[in-house]
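Structure first, then comments.
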Amino acid sequence: MKMTPKEPKALLSSRYSWTVGIIILFSIFLVSAAIGAEKKKTTAGTEKMTPVTEKKSQPDKKPQYGGIYRTHLNVDPRSLDPHMETWANTTIVTLNTNNNLIRFNPKMDGVELELAESIKQIDPLTYEFKIHKGVRFHNIPPVNGRELTSEDVKYSIERVSGMVGKKTDFKHSYYFDGKIKSIETPDKYTIIFKTVEPYAPFLKYLSSPWCAIVAKEVVDQYKDLKTVAIGSGPFILKEFVKGSHISLVKNPNYWKKGLPYLDGITIKFMSDPASVLSAFLADRLDGISAQHYHVSTIEKETPKTNIDRLPGTHMTILRCPPWIEGKKPLKPPFDNKKVRQAIGMAIDKKKLLKLAEGGFGTVAVGPVPPPIIYTLPVSDQVTYNPEKARKLLAEAGYPNGFSTELLTWNLPYMAAPAQVIKEMLKEVGIEVKLTLLETAQYFNRAYRFEYEMALHVMTAGNDPEEWLVPYFGPLDESTYYKWSNPEIWKLIKEQSSIMDPKKRETAIKEIQRKIMDDAPNLFLYTRTRFLARHPRVHFLKQYLLDYQPLYGESVWMEKH
């Protein structure tokens with residue numbers, strides 16, 4: 001198995017940087033032109049959108065075996081460790097190499113059994129799982145095809161919780177840390193979880209792609225899983241070449257008989273959307289994540305292509321500085337709530353979505369985005385009102401505005417909205433210096449909480465709580481952002497033990513309203529996802545969750 005060094009370099013190649021730079025400049029040019037056109041308009045209206053067709057796989061066709069499915073990622077995964085990572089580029093691999101105890105169903109309105117063949121809730125605090133017999137890890141060292149048992153499940157969930165290793169390395173430790181009283185394994189195929197108190201998100205968190213089952217001896221041998229993905233899943237990691245590609249090959253001993261259909265999956269790293277489109281049209285890729293402005297070209301050049309239009313669950317947000325009481329206090333002007341509220345009123349979310357994404361997406365209201373349950377109604381939306389924004393700035397002591405830096409990463413889907421936001425804030429007197437970093441550099445800085453403002457993406461949550469705890473929860477539980485408001489912390493903790501769905505919905509909506517009043521972040525939009533695939537490619541299932549973009553068990557290809 002070909003592996004790269006344990007610690008990848010943060011800086012990418014000069015060729016990559018040059019290519020991305022050209023993309024960014026072109027994106028900013030397009031956005032600037034669009035902003036100019038908007039200013040010249042005298043009447044309101046929406047542009048005519050190219051209709052998107054959705055051609056479904058023919059249900060009467062029998063799945064065939066064979067073929068290498070060729071797809072792409074914009075950049076390399078930072079790591080292949082599902083317990084430490086937060087980025088979907090990781091799970092595109094690990095969802096194919098590893099299994100979960102349970103997983104979300106395609107519509108995200110329930111869970112599916114995976115390694116578990118049954119679930120039994122014995123009492124309000126106790127859950128018993130029976131796992132399938134005969135599940136085997138990949139037949140490669142150090143596991144060498146041994147059977148997966150209840151001890152592996154226990155080890156994996158303890159690792160996610162931060163009970164194994166350094167807790168701060170595990171970005172999803174808030175799932176279970178302090179929530180699980182015990183994990184018992186009375187036999188090889190039984191796991192019994194006891195929670196400290198009734199815990200509403202429990203099954204949803206177990207369904208998370210970040211709770212993949214791994215083997216202890218793999219972690220012991222490699223120390224981390226940055227370039228290693230050894231599990232019990234339908235595919236085996238053959239090759240991970242930084243800056244080039246990832247190759248997965250069929251697991252011949254997969255425990256689900258008859259699966260997978262594919263012989264393998266090749267994931268190429270391609271940062272330039274135009275190159276992705278060209279490769280697809282030239283039949284060098286079988287399926288791609290298409291940009292909205294490429295849809296009409298794809299339909300014209302390859303009219304038989306299937307284009308699936310799916311609602312996004314990642315949410316683009318505008319952040320003010322994190323507030324870490326005792327370590328990183330809020331500094332002027334962001335220590336004044338009126339300033340933070342003024343920033344929200346200066347952004348026209350609908351126009352931003354139109355200029356940055358062609359209008360393809362859904363404007364967000366609060367921290368929990370559609371299509372997740374417990375989303376706030378439109379009546380709670382922050383009203384676009386630049387006049388009031390200027391008034392709030394004056395009341396806060398900034399009648400002439402102020403200057404600040406806006407940080408984000410240098411891919412087009414972030415550079416374009418950042419440019420629009422810069423222009424919108426300028427209208428109310430806020431001068432923005434736009435800083436675009438390479439992806440690894442941005443996240444290194446973001447996780448050190450070193451920025452004034454940042455354009456970011458909130459990652460897809462499995463339970464509504466997951467849009468709250470890691471961003472606005474207590475400092476020892478929040479991981480992606482920090483906000484030191486004890487009142488919000490208290491309410492977040494209380495809602496997790498409310499088992500009645502209606503009462504919990506009321507509680508979660510109230511938390512969102514309090515966060516919006518504090519205005520640490522402005523919740524902008526989710527982007528529509530366009531998945532284009534040649535007609536020979538079929539999906540038996542398609543998952544709504546962004547973190548399950550490609551489940552290798554569900555894909556098959558006709559021979560051509």
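The values are calculated or read from the model by the stated rules, or taken from the named source; none is laboratory data. Model, not experiment: these values are computed from the prediction. Because the Cβ atoms are built from the backbone with ideal geometry, glycine has one as well, and the counts that use them run over all protein chains shown.
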Which of the following residues is of a type in the set (D, E, K, R), in the same structural domain as Tyr451 (by TED's automatic domain parsing) and on the phi < 0 side of the Ramachandran plot: Lys350, Lys300? Lys350
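If I filter the range 134-146 for residues that are assigned to a strand (DSSP E or B) and either modelled with pLDDT of 95 or more or not small (Gly, Ala, Ser) (or both), do I get at least one hit?
The answer is yes, given that some residue of the range 134-146 is assigned to a strand (DSSP E or B) and either modelled with pLDDT of 95 or more or not small (Gly, Ala, Ser) (or both).
Going by the conditions given, is Asn139 touching a residue at least 60 places away in the same chain (Cβ under 8 Å) and either in the same structural domain as Ser118 (by TED's automatic domain parsing) or out of contact with any Lys or Arg (no Cβ under 8 Å at 6 or more places or on another chain) (or both)?
yes
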Can you name the residue in the range 91-120 that is under 14 Å from Leu545 (Cα atoms) and touching a Lys or Arg at 6+ places or on another chain (Cβ under 7 Å) and is also surrounded by the most Cβ atoms within 10 Å (Cβ to Cβ) among such residues? Val111
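Using the structure shown, decide if Thr50 is farther than 24 Å from Thr305 by Cβ, outside any strand (DSSP E or B) and either modelled with pLDDT under 95 or within 24 Å of the chain's Cα centre (by Cα) (or both).
No; evaluated as a whole, the condition is false for this residue.
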Residues that are closer than 23 Å to Tyr254 by Cβ, in contact (Cβ under 8 Å) with a residue 40 or more places away in the chain, in the same structural domain as Ser207 (by TED's automatic domain parsing) and not in a loop (DSSP other than H, G, I, E, B): does the range 167-174 have at least one? no
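Residues are listed down the side, and each one gets a yes or a no for (1) among the aliphatic types (A, V, I, L, M); (2) buried (at least 23 other Cβ atoms within 10 Å of the Cβ):
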| residue | (1), (2) |
| --- | --- |
| Ala389 | yes, yes |
| Leu406 | yes, no |
| Ile421 | yes, yes |
| Leu425 | yes, yes |
| Glu438 | no, no |
| Phe449 | no, no |
| Glu465 | no, yes |
| Trp489 | no, no |
List the number of the failed condition for Lys204; all other conditions in (1) in a helix (DSSP H, G or I); (2) over 27 Å from Pro470 (Cβ atoms); (3) at pLDDT below 95 hold. (2)
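Of Val164, Val153, which residue is part of a loop (DSSP other than H, G, I, E, B) and among the β-branched types (Val, Ile, Thr)?
The match here is Val164.
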Given the conditions (1) surrounded by fewer than 15 Cβ atoms within 10 Å (Cβ to Cβ); (2) assigned by TED's automatic domain parsing to the domain that holds Phe443; (3) not small (Gly, Ala, Ser), and given that Cys320 satisfies all but one, which numbered condition is not satisfied? (1)
Examine the range 332-343 for a residue that is buried (at least 22 other Cβ atoms within 10 Å of the Cβ) and of a type in the set (Val, Ile, Thr), and state whether such a residue exists. yes
Among (1) in a loop (DSSP other than H, G, I, E, B); (2) touching an Asp or Glu at 6+ places or on another chain (Cβ under 9 Å); (3) among the hydroxyl-bearing types (Ser, Thr, Tyr); (4) modelled with pLDDT of 95 or more, the one test that Thr404 misses: (1)
If you check every pair at least six apart or on different chains, which have Cβ atoms under 6 Å apart with a residue in the range 370-392 that is in the same structural domain as Phe360 (by TED's automatic domain parsing) and among the aromatic types (Phe, Trp, Tyr) first and a residue that is modelled with pLDDT of 95 or more and part of a helix (DSSP H, G or I) second? Tyr374/Glu505; Tyr374/Ile508
The lone condition Thr297 fails out of (1) within 24 Å of Gly67 (Cα to Cα); (2) β-branched (Val, Ile, Thr); (3) free of Cβ contacts under 8 Å to residues at least 24 places away in the same chain is (1)
Run down Leu277, Leu285, Leu262 and say which single residue is within 17 Å of Tyr69 (Cα to Cα), of a type in the set (A, V, I, L, M, F, W, C), free of Cβ contacts under 8 Å to residues at least 60 places away in the same chain and buried (at least 18 other Cβ atoms within 10 Å of the Cβ). Leu277
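Does Ala229 fit the bill of being in the same structural domain as Thr149 (by TED's automatic domain parsing), small (Gly, Ala, Ser) and not in a strand (DSSP E or B)?
no
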Can you tell me which residue in the range 291-348 is nearest to Trp409 (Cα to Cα), limited to those that are basic (Lys, Arg) and under 26 Å from the mean Cα position of the chain (by Cα)? Arg319
Is it the case, given these coordinates, that Gly429 is at positive phi and in contact with a Phe, Trp or Tyr (Cβ under 9 Å, 6 or more places away or on another chain)? yes
Filter the range 357-387 down to residues that are within 17 Å of the chain's Cα centre (by Cα) and outside any loop (DSSP other than H, G, I, E, B) and give me whichever is farthest from Pro412 (Cα to Cα). Thr362
Six or more apart or on different chains, Cβ under 9 Å: which pairs go from a residue in the range 83-98 that's among the aromatic types (Phe, Trp, Tyr) to one that's in a loop (DSSP other than H, G, I, E, B) and crowded, with 23+ Cβ neighbours inside 10 Å? Could you list them? Trp87/Pro77
Please verify whether Thr362 is surrounded by 17 or more Cβ atoms within 10 Å (Cβ to Cβ) and closer than 30 Å to Gly243 by Cβ, treating the condition exactly as stated. no
